[in-house]
Amino acid sequence: MPLPQIMAGIAKYVVAAGVGGAVGFLATDHYQKKWGAEKKKRRQERRKWKDCLNEFQFKSRGRCDVPEQGQSTSTFEPNTSCLEITNESGDAILSIAKIDDPGNIKWEAVTSEKGRKSQIYRLDSFLSSVPNLGIVGEVLTGNYAKVSVPLSELSGSKASQTAKSALIHSDGTIKKHAHLEPGKLQGLVTGAVLWNIASVALAQKHLHDISKKFDDISKNIEEVSRFQKEERYSKLEGTLRAFMNMKREITDLEFSEMQLATVNTECFQLEKIEAHIEKDMSRALQEFKDIAGLGSDFDKAIHRVVMLLKECMLCQVAKLYGYQILLFAEENPGRLRSRLDDVKNVLDVMCDRYREIVSTIMEILDKDKHSSDSLENLAGLRKTRELEKNSVLLEKEIAITHQLISARNSPVNVLLKLDKDKIESFAFADA
C-alpha cells in the first residue's frame, strides 16, 4: 500500500478515536455531575435531620419528668368571710365564701340538663338552711359565691359523710361555731352528692378540650388501621374508642355509664398488647438498620417503623384514658401514680427510639445508593414531624393525667350566681 494511503488510514483512525474519547469524556462528566448533585441532596437532607434531632434533644430535656405529688389539703384556707362545714371526723367537706362579680364567665342555668346531671341544685337545700344558723348576713350577702369541695376528704366513705358542724371564718380566725343536730338542716347535701359535684367540676376543668383531642387521636387510628390488620390492633382500637366514649360521657355528666371493673380489665389487656408491639418494634428497627440504602426497601422499612411508633403511642394513650376514668371513682389515687410512672417510662423509650431512628436515617443517607422518590418521601416525613408527634401527644396526656391526680389532693371550686338563697346559675372555676 502506498505511503499516502497508509497515512490517510491512520489519520481517520486517530480522528475516530478522538471523537469517541470526547463522547466518553462527556458521558463520564455528565454522570459525575449527576452523582455529585444526588450526593449533595443527600447531604442536605442529612443536615436537616440532624437539626431535627438537635431540636428534639433540646426540647425533651426534663419534659418527661413528672412533678412531685402535691400535699393533701384537709382543711380550707380561711377566706375573709367563709362558712365551712365539717363531718363527724372534723374534716372540712364543704366551704362556701362570698366573692365579687367574677366577670366574663360562661354561666350555666341550674335548671339546665347539665345542672340536673351535676346535682348542683342539691346545694339549694344547704343555702336555704343557712339562715337557721343566724349567719346569712355574714357570709351570703352578695350575689356570687364560691363553693369548695375536697375530693381527698370525701374518698373512702362517700356515702357516710354527713355534716356535723358549721364554722364561720373571718379574717383568718373562727368567729362562730355551730353544732348541726340531726334534722336541723334537712336535705343538706351528703358526701355522695358532694363527691359527684366535685368530680363533675374536676372533669370540666381538665377534660374540656376533649373533642379536639379526639379528632387528633382518630386521625392516628385511621392511619394505623390502613397499615395494621392484625387482631391485636382490632383489640387496641376497640378499647381506645370505648375509653374515648367513656370520657365523653364524663364530660357530658353521664357517670352512670362507666363500668370500672371493665376499665381495669381492659387496662390489663393493653399491657399485653404493649409487650407484643415492643417485640415487633425491635424486629422492625433491626431490619431498618440493615437497609443498604435509599429505595423501595427503605420506604417499606421506614413506613413500618413509623406505624409501629403510632401504634405504641395509641396503646399508651388508651391506658392513660383508662387511668383518667378510674380517677373519678378510685378512692386512693396514689395507686394510679405507679401506673403513670410506667407510661412515663414508655415515653422515655419512645424518645430513645426517635433518636435511634434518626441516627439510622442519617447513616443511610451517607450511603451511595440513591432514590429521588425515597428522598422526597423522607423529606415529607421530616416536614410533617410524624416521628416527633407521637412522643409529644403522649407527653401531653401524661401531663393531664398527672394534673388530675394532683387535683384530687386539693379542693375543687364551683362558682354560683345567687338570687337570695337560691342558685340561679353556676360555673366551674378555671374550666
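The values are calculated or read from the model by the stated rules, or taken from the named source; none is laboratory data. Source: prediction; values computed, not measured. Every residue, glycine as well, gets a Cβ built from its backbone with ideal geometry; the counts of neighbours run over all protein chains shown. These area figures cover heavy atoms from the full protein model, side chains too; ligands, DNA and RNA do not enter into them. Shrake-Rupley method; radii C 1.70, N 1.55, O 1.52, S 1.80 Å.
Has the stretch 281-301 got any residue that is over 23 Å from Met362 (Cα atoms), surrounded by fewer than 20 Cβ atoms within 10 Å (Cβ to Cβ) and not β-branched (Val, Ile, Thr)? Taking every residue of the stretch 281-301 in turn, none turns out to be over 23 Å from Met362 (Cα atoms), surrounded by fewer than 20 Cβ atoms within 10 Å (Cβ to Cβ) and not β-branched (Val, Ile, Thr). Residues in the stretch 103-121 that are closer than 14 Å to Leu415 by Cα, open to solvent by 60 Å² or more (accessible area, probe 1.4 Å) and not in a helix (DSSP H, G or I): Asn104, Lys106. Note on the stretch 206-217: among residues that are at pLDDT below 80 and either of a type outside the set (D, E, K, R) or not in a helix (DSSP H, G or I) (or both), the one that is nearest to Val306 (Cα to Cα) is Phe214.
Residue check: is Val224 in contact with a Gly (Cβ under 7 Å, 6 or more places away or on another chain) and open to solvent by less than 10 Å² (accessible area, probe 1.4 Å)? The answer is no for Val224. Within this structure, Lys319 fails the test of being open to solvent by 50 Å² or more (accessible area, probe 1.4 Å) and under 23 Å from the mean Cα position of the chain (by Cα). Just so you know, in the stretch 228-240 the residues that are part of a helix (DSSP H, G or I) and surrounded by fewer than 15 Cβ atoms within 10 Å (Cβ to Cβ) include one that is farthest from the chain's Cα centre (by Cα), and it is Glu231. Evaluated against (1) of a type in the set (D, E, K, R); (2) touching a Lys or Arg at 6+ places or on another chain (Cβ under 9 Å); (3) buried (at least 19 other Cβ atoms within 10 Å of the Cβ), Glu424 falls short on exactly one condition, (3). Kindly check whether there is at least one residue in the stretch 352-364 that is over 23 Å from Ile277 (Cα atoms) and open to solvent by 40 Å² or more (accessible area, probe 1.4 Å). Scanning the stretch 352-364 turns up at least one residue that is over 23 Å from Ile277 (Cα atoms) and open to solvent by 40 Å² or more (accessible area, probe 1.4 Å). Checked against the criterion of being open to solvent by 20 Å² or more (accessible area, probe 1.4 Å) and modelled with pLDDT of 90 or more, the stretch 396-411 has no qualifying residue.
Cβ-Cβ contacts under 7 Å between residues 6 or more apart (or on different chains), taken from a first residue in the stretch 45-61 that is more than 12 Å from Asp366 (Cβ to Cβ) to a second residue that is among the acidic types (Asp, Glu) and part of a helix (DSSP H, G or I), are listed as Phe56/Glu388.
Within this structure, Glu249 passes the test of being modelled with pLDDT under 90 and either closer than 25 Å to Met350 by Cβ or within 21 Å of the chain's Cα centre (by Cα) (or both).
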